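A short write-up of the structure that comes next.
The values are calculated or read from the model by the stated rules, or taken from the named source; none is laboratory data. Everything numeric in this text was worked out from a predicted model, so none of it was measured. Cβ coordinates were reconstructed from backbone atoms using ideal geometry, including for glycine residues, and neighbour counts include every protein chain displayed. Surface areas here come from the heavy atoms of the whole protein model, side chains and all, with no ligands, DNA or RNA. Shrake-Rupley method; radii C 1.70, N 1.55, O 1.52, S 1.80 Å.
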Amino acid sequence: MKKGIIKGVQKIKDEKSYIPDETLVTFIQDWLHIHKKRERLTKEGKELSSEDKKKLRALDKKKVDYIDNTIFPAFANLTYFFEAMAASPRLAKGFEEELEEILDPRKSKDAATFSGNRMRMSSIQFRNNNLARLVDAALSIHMKNYERGKPITDFRVGLMYQILGIIGDYMDTVISNEYSSSQIWYSFHDDFKRMLGWMALLTRTIKDTPKEYDRKLQFQPIWFSNKTPTGGWDF
């Protein structure tokens, strides 16, 4: 697989814009096409041609290449970058405008003003926002794979439980700063415990996960690491 395939900034109508690499897009489309073709032929009692079988093997090998050489390195870079911002107030302040642009909190304040009580599908309004778009796609479950009334075993339910716990911790920090020991703070704790309880109820039926995966981020979270600049991250 070629190195350095990810494109940098693009110019569209005089605005900075970023698009996925063409080779990745082509690979995803080719992989999907050949696997759909195999499924269709299998249902018809047929097989792929020798040429298509060769293409299938090549695309399955490419899948490993892309995960190893593109997706995981990008994920490691993003993780390091955001952990550095979280560990150092000075870094966070120096990158404040860029962080806001990357994470893209647009519409949040307006939405909270008039739709704080809505629940179902309220996230749709944020699907053009950068981080919300990524999180929405990462948590998406193909419900057609599950019979109505049956438990959902998808690992993404476990991710929802993790993310809810993280959000709860940060909400507690923010709310206690303004409403420490007030009824608002206590009400939040009661409401959040209920939400966490519902999420735990759903999480109990997800499939078991291994203790370790073959691929992992082979570096400690920055705040646990000795590899910090002189003076540490809190500067």
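Tabulated results
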quantity: Accessible surface ranking that places the most exposed of S123, S50 first, with a 1.4 angstrom probe; calculated: S50, S123
quantity: The range 23-99: relative contact order as a whole-number percent, Cα under 8 Å and 6+ apart; calculated: 23 percent
quantity: Aspartates and glutamates with Cα under 16 Å of K150, excluding same-chain neighbours fewer than 8 positions away; calculated: none
quantity: L202 accessible area, 1.4 Å probe, all protein chains in place, Å² to nearest 10; calculated: 100 Å²
quantity: Förster radius 25 Å - calculated FRET efficiency between Q218 and D60, Cβ distance, rounded to 0.05; calculated: 0.50
quantity: Straight-distance crosslink candidates among aspartates and glutamates, where the alpha carbon sits under 15 Å from K37 and sequence neighbours closer than 8 are dropped; calculated: E47, E51, D52, D60
quantity: Accessible area (Å², 1.4 Å probe, nearest 10) - K216; calculated: 100 Å²
quantity: Phi to ³J(HN,Hα) by Karplus 6.51 cos²θ - 1.76 cosθ + 1.60 over the range 85-97, Hz, x for Gly, Pro; calculated: 5, 6, 7, 10, x, 5, 4, 4, 5, x, 10, 3, 5
quantity: In Hz, Karplus ³J(HN,Hα) per residue of the range 61-71 (6.51, -1.76, 1.60; θ = phi - 60°; x = Gly, Pro); calculated: 5, 4, 4, 4, 4, 5, 5, 6, 9, 10, 6
quantity: Modelled FRET efficiency - R0 30 Å, A200 with F72, Cβ distances, 0.05 increments; calculated: 0.50
quantity: Listed pairs K107/K193; K55/K211; K62/K109; K63/K144; K53/K144; K62/K211 exceeding 32 Å between Cα atoms; calculated: K55/K211; K62/K109
quantity: Listed peptides 139-148, 172-181 by packing density, highest first (mean Cβ within 10 Å); calculated: 172-181, 139-148
